[in-house]
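What follows is one structure encoded as structure tokens, with my remarks underneath.
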Amino acid sequence: MLRITFLLLLVLVLSSFKNDNPKMVRKVIAKNITAVLPEDFHPMTDQEIASKYFTYRKPVASFTNQDATVDFVFNTSATTWRYEDLALLQKFYKSSIQNLYTSNENEKPEGQQDQNGKANANKKPTENLSMIQEGIKEINKQKYIVFEFVGETKTDTNSPIQRSKKVYTYIQYTIVDEEVYIFSFSAPAHVRNYWSPIAQEIV
């Protein structure tokens, strides 16, 4: 009897983990483009977009969860690329990602020297980036550049919005009719293990 009770409890526990995943539904994100998103994801408001993405170009589509901590964004590039140049595009975006998460905490005004008389040009930049995977994958006969990483943004003490935080990102790039499609998923790094398989299902 004790063994049966234990087995029933184990089944209930495993079922609870299985049902913990969000219900996924297919949503239209742009003309002729759909994505499978968690059911509770809703389009971002203009205020949410402005607080998270400091860019003059509004994303083509942007969704977030109920507490606005997990995001999915679809966008296109302003420049044109050939599909045959996907490997070159990978290098371009990798460099952009690295620059985004690289800072020089000891940076001084131009020409100023530290206590040892060394110019800040000799300071080694700090890369706040942990790359999990990168490469080119073929999905449904279409090749995609894939980057999965955890990056830490630098604290801006003068801004009420920009705070130092670690963010998990799964991003894919592909080229359609010389236009770059960008699918990006992001979540707080501490919930990466939960969202990582869901992110890969989405994009």
_Answer residue from region 45-72, given it is in contact with a strand residue (DSSP E or B) (Cβ under 8 Å, 6 or more places away or on another chain) and more than 21 Å from SER196 (Cα to Cα) and is surrounded by the fewest Cβ atoms within 10 Å (Cβ to Cβ) among those_ = ARG57
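Quick one: which strands (runs of 3 or more DSSP E) sit completely within region 115-190 and have at least 2 residues that are among the basic types (Lys, Arg) and either at pLDDT 95 or above or within 28 Å of ASP67 (Cα to Cα) (or both)? Break it down into steps so the answer makes sense when it comes.
Details: elements: 129-139, 142-153, 165-176, 179-188.
The qualifying strands (runs of 3 or more DSSP E) are 165-176.
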*Just one of (1) surrounded by 15 or more Cβ atoms within 10 Å (Cβ to Cβ); (2) without any contact (Cβ under 8 Å) to a residue 40 or more places away in the chain trips up THR102, so point out which.*
(1)
*When both residues are 6+ apart or on different chains and their Cβ atoms are under 6 Å apart, which pairs have a first residue that lies in region 61-85 and is free of Cβ contacts under 8 Å to residues at least 60 places away in the same chain, and a second that is surrounded by 10 or more Cβ atoms within 10 Å (Cβ to Cβ) and small (Gly, Ala, Ser)?*
ALA61/ALA30
*asked:* Restricting to region 28-74, name every residue that is part of a strand (DSSP E or B), more than 18 Å from ALA187 (Cβ to Cβ) and either at pLDDT 95 or above or not aliphatic (A, V, I, L, M) (or both).
replied: THR34
_Cβ-Cβ distance below 9 Å, separation of 6 or more or different chains: which pairs start in region 29-43 with a residue that is more than 14 Å from ASN140 (Cβ to Cβ) and free of Cβ contacts under 8 Å to residues at least 40 places away in the same chain and end on one that is in a strand (DSSP E or B) and among the small types (Gly, Ala, Ser)?_
PRO43/ALA61; PRO43/SER62
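The values are calculated or read from the model by the stated rules, or taken from the named source; none is laboratory data. These figures come from a predicted structure and were not determined experimentally. Here Cβ is always computed from backbone atoms with ideal geometry, including for glycine, and neighbour counts include all displayed protein chains.
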